[in-house]
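Undergrad: If you scroll down you'll find the structure; I have some questions about it.
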Amino acid sequence: RRCINLEEKGLFFVGSGVSGGEEGARYGPSLMPGGSIQAWPHLKPIFQAIAAKVGPKNDEPCCDWVGSDGAGHFVKMVHNGIEYGDMQLICEAYHLMKDVLNLDHNEMSEVRTIYDFRHYTPEVKRVRFI
């Protein structure tokens, strides 16, 4: 709706999902822009310059056009849903280890070292499970 109303006035609306937290603030976020495609050629150099970089040479920006209207915010919403689901699974696993298997903290720590949780959010690693 905003895109159509603004385009009638010669303006281009862009909404962008932003992800990265503290690391994104320091080293560049992942950007998920969407809205009026006519705006992308103007915004692309700016967005891709400030975005985090990946790839073998650390030169591929974590940013590309994701679609029309509210697509950028929709992609961010889906990203958050997946992330929160992952965090809930980790919490459920600790609950089962503690309350069903009656493992103590040292035993749970041993189980945790078998798996690589580094790809989950940094905040999860800071949570103390009691």
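The values are calculated or read from the model by the stated rules, or taken from the named source; none is laboratory data. It should be emphasised that the depicted structure is a prediction, and the values quoted were computed from it without experimental measurement. Cβ atoms come from the backbone with ideal geometry, glycine included; neighbour counts cover every protein chain shown.
Undergrad: For region 58-80, what are the residues that are farther than 28 Å from LEU6 by Cα and either modelled with pLDDT under 95 or among the acidic types (Asp, Glu) (or both)?
TA: ASN58, ASP59, GLU60, ASN80
Undergrad: Residue by residue through region 57-84, note down the ones that are part of a strand (DSSP E or B) and farther than 19 Å from LYS44 by Cβ.
TA: None; the set is empty.
Undergrad: Which residues, counting only those in region 44-61, are surrounded by 18 or more Cβ atoms within 10 Å (Cβ to Cβ) and either over 24 Å from ASN80 (Cβ atoms) or in contact with a Pro (Cβ under 7 Å, 6 or more places away or on another chain) (or both)?
TA: Listed by number, the residues that qualify are PHE47, ALA51, ALA52.
Undergrad: Checking LEU43 against (1) modelled with pLDDT of 95 or more; (2) in contact with a Gly (Cβ under 8 Å, 6 or more places away or on another chain), which test does it fail?
TA: (2)
Undergrad: Report every pair of residues separated by at least 6 positions or lying on different chains whose Cβ atoms are under 7 Å apart, first residue within region 100-112 and within 18 Å of LEU89 (Cα to Cα) and touching a residue at least 40 places away in the same chain (Cβ under 8 Å), second of a type outside the set (Ser, Thr, Tyr) and exposed (fewer than 10 other Cβ atoms within 10 Å of the Cβ).
TA: Matching pairs, first to second residue: none at all.
Undergrad: List every residue pair whose Cβ atoms lie under 8 Å apart, where the two residues are 6 or more positions apart in sequence or sit on different chains, the first residue falls within region 28-41 and is assigned to a helix (DSSP H, G or I), and the second residue, located anywhere, is of a type in the set (Asp, Glu).
TA: GLN38/GLU7
Undergrad: Give me a count of the residues in region 1-27 that are assigned to a loop (DSSP other than H, G, I, E, B) and touching a Lys or Arg at 6+ places or on another chain (Cβ under 8 Å).
TA: 1
Undergrad: Oh, and also: Restricting to region 12-24, count the residues that are in contact with a helix residue (DSSP H, G or I) (Cβ under 9 Å, 6 or more places away or on another chain) and either among the hydrophobic types (A, V, I, L, M, F, W, C) or crowded, with 16+ Cβ neighbours inside 10 Å (or both).
TA: 9
Undergrad: Which one is surrounded by the most Cβ atoms within 10 Å (Cβ to Cβ), of the residues in region 75-99 that are of a type in the set (A, V, I, L, M, F, W, C) and within 27 Å of SER16 (Cβ to Cβ)?
TA: Only one residue tops the list, namely VAL75.
Undergrad: Tally time: how many residues in region 100-124 are among the aliphatic types (A, V, I, L, M), modelled with pLDDT under 90 and surrounded by 12 or more Cβ atoms within 10 Å (Cβ to Cβ)?
TA: 3
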